[in-house]
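No lab work stands behind these numbers, since they all come straight from the coordinates. This one's a predicted model, so the numbers in the text were calculated from it and none came from an experiment. A quick note on method: Cβ atoms are made from the backbone with ideal geometry, for glycine too, and the neighbour counts reach across all protein chains shown.
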Amino acid sequence: MCIRDRSMCLASCEDFWGKPSMPFARIVVINGPNLNLLGLREPGIYGAKTLADIEADLRARAGGRVELQFRQSNSEGDLVGFVQEAGLDGAGIILNAGAYTHTSVALADAVKASRARMVEVHLSNVHARESFRHHSYLSPVAVGVIAGFGDRSYHLALEALLALPDES
Ligand code: DQA
């Protein structure tokens, strides 16, 4: 069922059966270590946009269809806390865990425990990079993975979450 304005949902939230749906009241966008340095950090790989630019673009893209919340931390424990909080709220999660993607059992456990529907996101195509970036602890607990589209990876993740069937 659409929990917001029905006409807004019709364009973008139709589930696979053609019924309007709005699976989340809120989506939390969680960014991990070093993503606070976007714009400065290896722009040839990660692009010229700052995290604030990405946030502004994503808010414009969401256009009021869903409430967006943004969180960033360089600390693994904080990220676990953000995932738990989002899960308890029944929010969807867009997660770019940065390097913790490749190392963090704790973050994968947090997603599993919270039963939150999470899309794993990367700006870069991690599979075209060093082999240590090819493994993700998060992919098995994600509903899907989007990588390699620069800041548009976040846009695609937003649309993917909004297109999920409502499970409530
Ligand atoms: C990243 C890819 C990771 O391998 C890297 O450690 C990052 C960013 C990406 O968005 O492409 O910090 O998650």
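Assorted remarks:
- Under the Karplus curve 6.51 cos²θ - 1.76 cosθ + 1.60, θ = phi - 60°, whole-Hz ³J(HN,Hα) for the stretch 102-118, x wherever Gly or Pro sits: 8, 10, 9, 5, 4, 6, 5, 4, 5, 5, 4, 5, 7, 6, 6, 8, 10
- Split the chain at each of the chymotrypsin sites (Phe, Trp or Tyr not before Pro) in a DSSP loop with at most 13 other beta carbon atoms within 10 Å, and the longest piece is 18-168.
- Judged by the gyration tensor of its Cα atoms, with axes a ≥ b ≥ c, the stretch 60-168 is oblate; a/c meets the 1.5 cut and b/c is at least as large as a/b.
- GNM remark for the chain: springs join alpha carbons under 10 Å apart, and the peak mean-square fluctuation among R117, R65, R41 falls on R41.
- Considering only L161, S124, L35, and ranking their Cα positions along the charge dipole of the stretch 27-168 that arises from unit charges at the beta-carbon of Lys, Arg, Asp and Glu, the one farthest toward the positive end is S124.
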